[in-house]
Amino acid sequence: MYSNGADNPADSHSQQNDSRRDVLFDAELDDVTEFWTSSDDVPARVVRENVYLGDDVEYPRFVPTRRQRRAIIIGLPILCIALTLLMLGLSAGTVVGQAKAAKDAASGLLSGMKTGDQNVVTKNVQSLSQATATMRYETGSPVWELASFTPIVGHDVANVRNLVQVADDVVSNGVRPMSKDLSSVSLKSFIQNGVINVEGLQSAVYLLGELAPSLKRANESFSDMRPGVVSPLNSAIKDGQATLETLTALADNADVLAEHVPMMLGANGEERHYLILAQSNAELRSVGGFPGSWGLMTVKDGKLDLGKFGSPQQIRQAVDAAADEIFFYKGKKEVDMVSDVGFNPNYPRVGEMVSQIYALEQEGYGDGYLMVDGIVAVDPIFLGEIMKLTNGSVDVEGVHVDGSNAAEYILSRIYWELPVGKQDVMFAAIAQKAFSLVTGGLGDINMSDFGAMVQKGAANRNFMLWFRDSEEQDIMETVGLTGSLETDPAQPVLGVYLDDITWSKMDWYISANTTFGDPIVQEDGSRLYHVTTTLKNNITPEEAQKAPKYVTGGSGNELVKNKGEMITYVLLFSPAEGKLENVRNENEDQMVYSKNFSMDQSGRYQMASAYTRMQPSETMVITYDVITSPEATEPLQLDVTPTAQAIAGW
């Protein structure tokens with residue numbers, strides 16, 4: 001190859017190009033010679049490199065221009081991404097097919113466990129193992145790895161790969177090695193004719209303990225995942241993480257739990273007593289709802305005996321409030337009514353105080369001093385879910401109630417359709433029937449659905465447990481079933497709690513929604529969130545005028561000025577070691593005692609509270625800033641009083 005010069009043998013040949021502006025490069029593209037032909041007004045630019053092909057002939061080889069090189073640089077990655085996504089789509093079809101196979105196998109496995117059929121268990125464990133292994137092989141390919149770095153969906157692809165790895169790890173290292181033991185855990189035999197199989201349940205707990213290592217790894221993997229752009233996938237990750245956290249906590253405490261299960265179920269003839277506290281969301285309390293009914297359940301050698309339900313409203317037994325709890329009770333150092341205890345949102349303390357009131361009341365009636373071993377708090381929303389799961393129903397006073405209408409009937413229609421004297425009777429009958437359905441038919445329901453129902457109920461404060469024994473309480477606390485306030489500054493939780501002060505059943509009509517965006521990171525590492533809580537009284541003026549007095553309430557309440565208005569005590573709790581600032585409701589007419597919220601400090605929490613008033617169809621907007629502790633490592637979460645708005649459709 002020659003440089004472009006007079007001695008180049010191909011020089012005369014190269015000058016014969018037709019009417020163009022040429023730029024000739026030598027082999028190293030060092031020298032450039034430009035020449036024009038006389039006929040070019042807007043000449044084209046041809047870039048070429050002279051290539052020597054022998055003694056007689058040399059032809060130009062075209063090389064890309066700068067613009068062409070840019071097009072190639074941009075186009076090649078796009079082409080690669082397109083090819084990657086195409087191959088990913090083909091592979092994804094296999095993954096989806098195997099995911100369905102895994103779901104079917106898991107369902108079959110549960111069926112085999114339910115009946116105790118070893119052949120069914122073995123067959124479905126093998127199918128489940130094959131499906132997860134195939135998915136892991138597919139998603140472990142270079143195509144999936146490359147796709148995890150693509151724009152927009154790359155993060156979701158990475159999450160799918162992690163989910164598959166988690167599933168295969170749990171199946172390969174947990175479920176498959178235990179397959180021979182799984183058939184011995186017959187879910188149908190857990191409860192039969194109202195009797196719990198204590199030994200069977202204990203065996204199941206021990207088996208869960210063997211899953212601990214793989215569950216821990218799975219939980220860690222879920223914790224590392226961050227939301228992508230595919231909403232269903234984000235929801236699956238969130239739900240899966242919540243389930244894994246509960247299972248991991250149970251597995252970690254399996255030995256302690258297995259030790260206590262017999263005692264909790266009255267083994268060796270030792271009776272246990274549990275108080276069932278039915279709360280109404282139609283009259284809110286910070287902890288949940290107004291305690292409209294209660295009943296005593298006795299357990300002995302696994303046999304459940306549920307007594308009659310009654311109303312605790314006439315009981316007056318004073319118990320002491322702790323120094324940092326006086327705030328909830330309007331400065332009172334003693335609480336003597338069960339209906340007032342729930343102004344405290346911390347259920348472990350509510351459970352303890354209710355147990356003290358119950359014990360004092362039994363002694364007063366001459367039945368002896370009975371300190372119950374635990375209290376189960378439920379509301380009509382949870383009772384309705386139980387009836388749905390068990391396909392149960394009850395007919396009382398000519399009214400048919402099942403899972404589709406239980407919550408609505410108990411929280412609203414009952415007050416419109418039945419006289420006051422029969423309302424508590426109906427409430428108690430439905431509550432009693434719901435628990436009878438569970439104790440009599442647990443073996444016939446889907447245990448996965450049952451676990452999900454309990455977990456969701458506890459997270460939403462529709463279902464809470466308190467145990468007098470500290471070790472048992474700690475176990476329930478670990479798995480998140482106690483309705484306690486979060487004390488860890490690293491996991492910030494904002495509390496939004498509501499109390500009815502109308503003395504009514506108006507809270508069927510309340511809706512409460514709290515929103516916030518991304519935080520602003522402060523210099524000390526704390527995070528600031530701008531928060532908005534919107535409340536609405538959804539009863540219309542026309543409905544309010546037609547409503548029974550028992551619904552709108554206000555009798556003897558000097559705060560209530562108009563029929564259908566809501567007097568609501570709003571209580572905001574900062575995260576542990578956090579702050580509340582700039583709490584504001586711009587409509588001063590909605591503030592009962594003062595123009596705005598008063599602030600208070602109780603232990604590790606800062607609180608803001610106010611008595612508020614909303615007329616029919618009126619909305620209230622409260623804005624404020626939440627500042628987490630500098631120790632916070634997790635995003636802000638919400639803990640709220642459970643309203644009936646999802647059932648009512650507000």
Glu270-Glu363 FRET efficiency (beta carbon distance; Förster radius 25 Å; 0.05 resolution):
0.70
If you count, for each residue, the other Cβ atoms within 10 Å and average over each peptide, how do 495-506, 211-222, 395-406 line up from highest to lowest?
495-506, 211-222, 395-406
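With a ≥ b ≥ c taken as the square roots of the eigenvalues of the C-alpha gyration tensor of segment 260-368, please select rounded if a/c is under 1.5 and otherwise prolate if a/b is larger than b/c or oblate if it is not? Numbers along the way, then the final one.
Values: a/c = 1.82, a/b = 1.81, b/c = 1.01.
Prolate.
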Ranked output for segments 170-178, 570-578 by mean other Cβ atoms within 10 Å, highest leading, reads 570-578, 170-178
Going down the list Lys505/Lys563; Lys308/Lys330; Lys330/Lys505; Lys330/Lys595; Lys388/Lys549; Lys333/Lys561, which pairs span over 24 Å between their C-alpha atoms?
Lys308/Lys330; Lys388/Lys549; Lys333/Lys561
Taking the Cα centroid of segment 298-325 and of segment 449-517, what is the distance between the two, rounded to the nearest whole Å?
19
So if R0 is 30 Å, what FRET efficiency would Asn596 and Asp524 give, r being the distance between their Cβ atoms, rounded to the nearest 0.05?
0.65
Per-peptide average of other Cβ atoms within 10 Å, ordering 449-455, 294-300, 408-414 highest first
408-414, 294-300, 449-455
Can you spot the lysines whose alpha carbon is less than 22 Å from Lys123's alpha carbon? Ignore those fewer than 8 places along the same chain.
Lys100, Lys103, Lys114, Lys180, Lys188
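Laboratory data are not the source of any read-out in this text; all were calculated from the coordinates shown. Given the structure is predicted, the values throughout are model-derived calculations rather than measurements. Cβ: placed from backbone, ideal geometry, glycine included. Neighbour counts: every protein chain shown.
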